[in-house]
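Just below is one structure, and these are the notes that go with it.
The values are calculated or read from the model by the stated rules, or taken from the named source; none is laboratory data. Please read these numbers as outputs of a predicted model, since none were measured by experiment. Cβ placement follows ideal geometry from the backbone for every residue including glycine, while neighbour counts extend to all protein chains displayed. Each accessible area value is taken on the protein alone, full model and side chains, heavy atoms only, with ligands, DNA and RNA left out. Shrake-Rupley method; radii C 1.70, N 1.55, O 1.52, S 1.80 Å.
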Amino acid sequence: MSRIGKSPVAIPDGVTVEIKDNVVTVKGKLGELTQEFSEITVKEEEGKIVLERPTEGKDHRAKHGLYRALINNMIEGVTNGWTKQLELVGVGYRASNQGQKLDLAIGFSHNIVMEIAPEVKVETQTEKGKNPIVKLTSHDKQLVGQVAAKIRSFRKPEPYKGKGIKFVGEQIRRKAGKSA
């Protein structure tokens, strides 16, 4: 039994939720998100969203918790937004942005220039003596994660020196080098 799916999702002030034909639209101060649902009944009652499943089947139990989490993430996104921070670890690694174009110098013979989706706000921070940080902000959690994963895939952190692009706060499993 899904314990996550059972708990209702509170709708904060300033957020409007519209449920029509298994499509949930959430509007808030940061934007608007739409998600389509199947097999699970979504209802709004007394300022809360309640999800109900038709049977106790494995598929229905899984979707019950998933859809509740998706709706909660949508509401959280349009009220507060989602942020991911990436850290560039390595000598000579640099990051800069001009609008929605992110320019990464990460040890290849050429810089990588990436066009970021307009829904995601990109910001770069460079301080002397510290690693450059790329900050991604948006109301769509899935899109922020996808863009961050794409940037990280250009140069994943390696286990010997820890060089590469990593999430801020991520622990990298380190290996011992060659022994003499």
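Observations, loosely collected:
- Positive minus negative residues near Q146 (Lys, Arg vs Asp, Glu; Cβ under 13 Å): +2
- The range 39-171, accessible area per residue, ligands and nucleic acids excluded (1.4 Å, Å²): 56 Å²
- Filter on K6/K29; K101/K166; K101/K141; K27/K166 - keep pairs with C-alpha separation over 22 Å: K6/K29; K27/K166
- Summed residue charge, Cβ within 10 Å of L51's Cβ, Lys/Arg positive, Asp/Glu negative: +4
- Taking trypsin sites (Lys or Arg not before Pro) across the range 81-171, the ones in a DSSP loop with at most 15 further Cβ atoms lying within 10 angstrom of their Cβ are K128, K130, K161.
- The orientation-averaged shadow of the Cα convex hull for the range 1-61, equal to a quarter of the hull surface, comes to 4.5 nm².
- Pairwise centroid distance, computed over Cα atoms, of the range 30-79 with the range 81-96, Å: 33 Å
- Here the accessible area of the range 36-105 is 47 percent carbon and sulfur, with a 1.4 angstrom probe and all protein chains present.
- 10 Å Cβ shell holding at most 16 others, DSSP loop, chymotrypsin sites (Phe, Trp or Tyr not before Pro): longest site-free stretch of the chain: 1-107
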